Amino acid sequence: MKSWVKTVGSLAMVLLLASGCAMIAYARWTRPIADADAAMAAGDVGRALASYAVAEKRFDAIPPLKRLLSSEYDRIIANQLRMLFHTDRNEETIEKAARAPEGASPHFWAAAACFEQGRVEQDPSARLMYFGRAQQELMKAVGAAPDDWDAKFDLELALRLTFELRRAPQTPPGELMKLLRPDPKAGSAPTKRAG
C-alpha cells in the first residue's frame, strides 16, 4: 500500500513540476503580448505595434497553438488593426484586415479605413470606389456580428453618403458630410408637431 502512495505522490510531483515549467515557458513566450499591451496603454503606438508583430509571428510559426489560443491571437490582430486605423494608416489597415481572422473584426476595420480613404479622396470615381468597398465590408461585418450597432450605423451612413455622392459627384472632400444634412435654405423648414 505504501509503494502505491509513493508512486501517486511521485507522479503528482512530476505533474506539478511539468505544469509549472509549462506556465513559465508560456509566460516567456507571450512576453511580447504583455509588452505590447503595456505600450498601448502608455500610448506608445510604435512599440506596441512592433511587440504585437513579434507575438503574431510566434503564433504564425506554430499553427496548432494559434488555433488553440485563437481568442488571444484574434485580440493581437484586432489591436493592431485598431492602432493602424487610429494612426491614419488606412492602406496598412486594409491590407492587414484582408489577412486577419474573423475574430479580429477585420471587416469593420477595413470598412472604417475605406470610408476614411473615401472622405479624403479627390477623384470622384476613386471616392465612390472606396465608399462602395466600405459598404461591402460593413455588410460582412453586420453579417458576422448582427448585434453590432456601430457597424449597422456605419453601414447606413455609407449607404446614404454613396447615394448622395452619386447625385453630386463633384462635391469636394471637405463637404461630403453636408450631403447628409438637408439644406434649410433649399427646402421647407421642419415643422413643429403639436401634441
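The values are calculated or read from the model by the stated rules, or taken from the named source; none is laboratory data. Keep in mind that what you see is a predicted model, and the values were worked out from it rather than measured. Don't worry about glycine lacking a Cβ; one is built from the backbone with ideal geometry, like all the others, and counts go over all protein chains shown.
Starting from segment 119-131, take each residue that is outside the structural domain of Ile94 (by TED's automatic domain parsing) and list its partners that are in a loop (DSSP other than H, G, I, E, B) and surrounded by 15 or more Cβ atoms within 10 Å (Cβ to Cβ), counting only C-beta distances under 8 angstrom and pairs at least six apart or across chains.
As it stands, the answer is Arg127/Glu121; Tyr130/Glu121, since those pairs meet every condition given.
Consider Arg75 carefully, then state whether it is more than 30 Å from Gly174 (Cβ to Cβ), out of contact with any helix residue (DSSP H, G or I) (no Cβ under 7 Å at 6 or more places or on another chain) and assigned to a helix (DSSP H, G or I).
Criteria met by Arg75.
All but one of (1) touching a residue at least 24 places away in the same chain (Cβ under 8 Å); (2) assigned to a helix (DSSP H, G or I) hold for Thr93; which doesn't?
Here Thr93 meets the rest and fails (1).
Which of the residues spanning segment 121-140 are of a type outside the set (Ser, Thr, Tyr) and out of contact with any Leu (no Cβ under 8 Å at 6 or more places or on another chain)?
Glu121, Gln122, Asp123, Ala126, Met129, Gly132, Arg133, Ala134, Gln136, Glu137, Lys140
Inside segment 161-185, can you point out the residues that are among the charged types (D, E, K, R) and either outside any helix (DSSP H, G or I) or modelled with pLDDT of 90 or more (or both)?
Arg181, Asp183, Lys185
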